[in-house]
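The values are calculated or read from the model by the stated rules, or taken from the named source; none is laboratory data. Being a predicted model, the structure only gives us computed values, none of them experimental. Here the Cβ is made from the backbone with ideal geometry for all residues, glycine too, and neighbour counts use every protein chain on show.
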Amino acid sequence: MSIRIKLLLSYTGMLVISLLMIVLTASLFTIASTGDVHSFRDFYKVHYQINPLTEQGESIFLDLKYLAKNDPDELQNKALLRDYDFKLRAEKSGLYVRHESDQIYESLTFNQPELKQALPPYDLGNSKIRSTFNIGARFYAYAKFDFMFKDGTKGGVFVIRERSPFAEVVRNLLPILSIMLVGVLVIANILLYRWLTRSVIKPLHLLRDSAERIKDGNLQFELDLHSKDEMGQLSGAFESMRQRLQESVQLQLQYEENRKELISNISHDLRTPITNIKGYIEGIRDGVADTPEKMEKYVNIIYAKAVDMDKLVDELFLYSKLDLNQVPFTFEPVNIVRFLDDCIEELRYDLEDQGVGITWNQHEAGEVLVIADLEKLKRTVLNIIGNSLKYMDKPQKEIRVSLMPTADTVTVEITDNGRGIPQDALPHIFERFYRAESSRNSATGGSGLGLAIASQIIEGHDGSIWSASQEGEGTSIFFTLKRLMNEGGMEQDDTNSNH
């Protein structure tokens, strides 16, 4: 439920509750007064039957009643009746006196031809001297007293006042209803304030406290609000921001740890050849290389170490640019079969000189087109095969290259029969500077960047790379590339892109 709806409901609820309480209060007051729940609509009649006249009108009625009891014939004195009627007019009342079925006096206040017929019949016992009657839509309350004139005829005196059905009741009940209304409004406001506080103010305080904790650098908490209104959406966005910040901080810490590790690895990998170079240069300077043969050996070793350092720097530079997405990729349709043929033929003679046999298991003849950057894909294959060469320990060294096309991708597998990789080290071999051999011997382990560079290149092709190994039997490296295939043959799109 939105906050706007909550506010609308709160204001509407306050109004409805107030009106209901007014009606309920009036009903309860009516029931308490009349004792009958069904007489609610006649409550005003009951009220005016009990109190038909004003205080002054009641006093005049009592005077007339006294005359009717003690000197009834005096009520035929029209001058006296006009005097009493004049006093009643000030109270918005009037006088009516009858003798048997005739009218002795009728106040000009009424101006009702039907008044005579609306009056009650004689009741000499005066069991009901106050009541009400209606003439059309007009409502009257009266006090009457029936008596006997001295000649034995019947007479009656009426003090009549036209009343509004509800005005007097409201006037009498207004203080009570006002007090109750104020009480209801206070209670309703308290309840609505508590409701809004729990649904709006409390989440805002929670958000403020969370912001303070983030400002203090504390991200190890969870903002859990299940509301579906605007506050819930705000809290969800805030929690998402906290999670992103926490991930960013953790990533920054990881980057810092990687930076330290990178500096340590570079320092170690550079220190070894530099130390060797310094040692051989000192040997030359001290005259240890005292023959042309020794001098040539020392110079060749120094040159080889310098080449290794240059290669390490180049690989580190390439990896850094790949990691920062600063190396452009030029994609084009490549026949992967012909590409692997060329790579294998180029490597075959060098591998045979090292006593390594290479076999090419082509599962499908003809063209198998993929989208690839030719130069970087070649770097990937060379890095994988170069990594395999460093860990071969069998008398008969072998490398097998296989191609496995599917409808959407092409998988290349490069397998060696080296000593294999321990299972706990297998998930880390594509990390930079990682070597399964903890001694970091550059003579056998290389720079530790070859497979990391291969992984970055394959990821730049939107492919995937993984490995499988069995200790003592060998290791297989797999990578996939997107295949170009349609009904007419080759489909060339995305041929030039930057990574």
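Counting only residues that are free of Cβ contacts under 8 Å to residues at least 40 places away in the same chain and either touching a Pro at 6+ places or on another chain (Cβ under 8 Å) or aliphatic (A, V, I, L, M) (or both), region 387-412 holds 2 of them. Take Val356 and decide whether it is assigned by TED's automatic domain parsing to the domain that holds Ala454 and under 20 Å from Gly463 (Cβ atoms). So Val356 does not fit the description; no. For region 289-314, the candidate set comprises residues that are surrounded by fewer than 14 Cβ atoms within 10 Å (Cβ to Cβ) and not in a helix (DSSP H, G or I); within that set, the residue that is modelled with the highest pLDDT is Thr291. Output the residue which, of all residues in region 104-139 that are outside any strand (DSSP E or B) and among the acidic types (Asp, Glu), is farthest from Ala68 (Cα to Cα). Once the filter is applied, the top-ranked residue is Glu114.
Rundown of residues vs (1) within 23 Å of Pro405 (Cα to Cα); (2) touching a His at 6+ places or on another chain (Cβ under 7 Å); (3) in contact (Cβ under 8 Å) with a residue 60 or more places away in the chain; (4) outside any helix (DSSP H, G or I), yes/no style:
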site	(1), (2), (3), (4)
Asp341	yes, no, no, no
Glu345	yes, no, no, no
Arg348	no, no, no, no
Leu351	no, no, no, no
Asn361	yes, no, no, yes
Lys378	yes, no, no, no
Val381	yes, no, no, no
Ile385	yes, no, no, no
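From the list Phe329, Phe317, the lone residue that is of a type outside the set (Val, Ile, Thr), in contact with a Gly (Cβ under 7 Å, 6 or more places away or on another chain) and either modelled with pLDDT under 85 or in the same structural domain as Thr406 (by TED's automatic domain parsing) (or both) is Phe329. Listed conditions (1) closer than 30 Å to Ala452 by Cβ; (2) among the acidic types (Asp, Glu); (3) modelled with pLDDT of 75 or more are all met by Asp269, apart from (3). Residues that are among the hydrophobic types (A, V, I, L, M, F, W, C) and modelled with pLDDT under 90 occur at least once in region 148-166. Reported count of residues in region 126-143, each being loosely packed, with under 14 Cβ neighbours inside 10 Å and in contact with a strand residue (DSSP E or B) (Cβ under 8 Å, 6 or more places away or on another chain), is 2. No other residue among Leu207, Leu196 is modelled with pLDDT under 75, touching a Ser or Thr at 6+ places or on another chain (Cβ under 8 Å) and surrounded by 12 or more Cβ atoms within 10 Å (Cβ to Cβ) apart from Leu196. Scanning region 99-115 for residues that are in contact with a strand residue (DSSP E or B) (Cβ under 6 Å, 6 or more places away or on another chain) and not aromatic (Phe, Trp, Tyr) turns up His99, Glu100, Ile104, Glu106, Ser107, Thr109, Gln112, Glu114.
Per-residue answers, yes or no, for (1) farther than 18 Å from Phe479 by Cβ; (2) in contact with a strand residue (DSSP E or B) (Cβ under 8 Å, 6 or more places away or on another chain); (3) surrounded by 21 or more Cβ atoms within 10 Å (Cβ to Cβ):
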{"site": "Gln362", "(1), (2), (3)": "no, yes, no"}
{"site": "Val368", "(1), (2), (3)": "no, yes, yes"}
{"site": "Glu375", "(1), (2), (3)": "no, no, no"}
{"site": "Thr406", "(1), (2), (3)": "no, yes, no"}
{"site": "Thr409", "(1), (2), (3)": "no, yes, no"}
{"site": "Glu413", "(1), (2), (3)": "no, yes, no"}
{"site": "Asp416", "(1), (2), (3)": "no, yes, yes"}
{"site": "His428", "(1), (2), (3)": "no, no, no"}
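Could you identify the single residue in Gly463, Gly488 that is modelled with pLDDT of 90 or more and either among the hydrophobic types (A, V, I, L, M, F, W, C) or over 19 Å from Asp424 (Cβ atoms) (or both)? Just a single option satisfies the conditions, and that option is Gly463. Remark: pairs (first residue in region 182-203, in the same structural domain as Thr12 (by TED's automatic domain parsing) and farther than 19 Å from Asp224 by Cα; second residue among the charged types (D, E, K, R) and loosely packed, with under 15 Cβ neighbours inside 10 Å; Cβ separation under 6 Å; 6+ apart in sequence or on different chains) are absent. Looking only at residues in region 199-248 that are among the hydrophobic types (A, V, I, L, M, F, W, C) and part of a loop (DSSP other than H, G, I, E, B), the one that is nearest to Ser10 (Cα to Cα) is Leu225. The requirement of being buried (at least 18 other Cβ atoms within 10 Å of the Cβ), at pLDDT below 90, part of a loop (DSSP other than H, G, I, E, B) and touching a Phe, Trp or Tyr at 6+ places or on another chain (Cβ under 6 Å) is fulfilled somewhere in region 40-52, by at least one residue.
Within region 96-103, not a single residue is surrounded by 11 or more Cβ atoms within 10 Å (Cβ to Cβ), in a helix (DSSP H, G or I) and of a type in the set (Phe, Trp, Tyr).
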